[in-house]
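The values are calculated or read from the model by the stated rules, or taken from the named source; none is laboratory data. Being a predicted model, the structure only gives us computed values, none of them experimental. Neighbour counts run over all protein chains shown; Cβ positions are idealised from the backbone, glycine included. Side chains included, ligands, DNA and RNA excluded: accessible areas come from the protein's heavy atoms. Shrake-Rupley method; radii C 1.70, N 1.55, O 1.52, S 1.80 Å.
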Amino acid sequence: MTAGEDAAIRGALCVCFPPDREVFARTRSWHGTYPTWSVVVTEGEKVIAHAGVVEREIAAGEERVAVAGIQNVLVMPEHRGKQLFRRMMTVAMDEALGRDLDLGLLFCTPEIGRLYTKLDWRQATGRRVVCLGESGALETIPAKNVTMFYPLRRAELPPGDLDLLGADW
């Protein structure tokens, strides 16, 4: 990714997530985690939609699974309602399957989760999710977030709590 493309994505993130403008003005990483790859929709030089994907092995109960962790999803306000979100997430999950990943995984608010449910993402209820916090200690993902998964090579998320084996995304 070029510096110009990175700056365009960060600019779009600042527009779509004003409370996090200070972070996104400097970086696309979330809690120090950069996407491994991204799906970007542009109109000329302008980024109008974006989804970052973090490839990571996580622990689900006693098993290890390879996930496509979704981060920094946006559709610019003037382009919402044009099916960009659906098309972008379809491309992202098709690419993740082609990369032999087991599941898609994301964390979002319940309101946003309803959008993912329409794309066949499923909520992983009753699981504790831990990640490496900024202090270096394990922390639980905030209760305000729901955990959702998308079947790729595996139809289900293995039983048990989840350890992201690193920072969240």
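Among the helices of the chain, those built from whole DSSP H runs whose Cα atoms reach 15 Å or more along their own axis and whose mean Kyte-Doolittle hydropathy is at least -1.0 are 3-16, 84-98. About the centre of its Cα atoms, the stretch 61-169 shows a dipole size close to 520 debye [charges on the beta carbon of Lys, Arg (+1) and Asp, Glu (-1) only; nearest 20 debye]. Normalised per residue, the accessible area of the stretch 71-149 is 56 Å², obtained with a 1.4 Å probe and no contribution from ligands, DNA or RNA. Annotation for the stretch 66-169: GluC sites (Glu not before Pro) lying in DSSP loop with at most 12 further Cβ atoms inside 10 Å of their Cβ are GLU134, GLU156. Phi-derived couplings, Karplus 6.51 cos²θ - 1.76 cosθ + 1.60 at θ = phi - 60°, listed residue by residue for the stretch 125-132: 8, x, 10, 7, 10, 10, 8, 7 Hz, with x used for Gly and Pro. A value for semi-axes √(5λ) of the Cα gyration tensor in Å was derived from the coordinates, and within the list (i) 25, 18, 15; (ii) 22, 20, 17; (iii) 31, 18, 16 it appears as (i). Relative to the current alpha-carbon distance between HIS31 and HIS79, full extension at 0.36 nm per residue lengthens the span by 14.5 nm. Extension gain, LYS144-LEU119: 0.36 nm per intervening residue step, less the Cα-Cα distance, totals 6.9 nm. Taking the protein heavy atoms of the stretch 26-133 in the context of the full set of protein chains, the accessible area attributed to carbon and sulfur is 48 percent at 1.4 Å.
Length gained on full extension, ARG128 to ILE112: 3.8 nm, using 0.36 nm per residue less the C-alpha separation. Placing +1 on the Cβ of every Lys and Arg and -1 on the Cβ of every Asp and Glu, with no other charges, gives the stretch 1-122 a dipole of roughly 420 debye about its Cα centre. Put a dot 7 Å past the Cα of VAL15, heading toward its Cβ, do the same for ALA155, and the two dots end up 4.2 nm apart.
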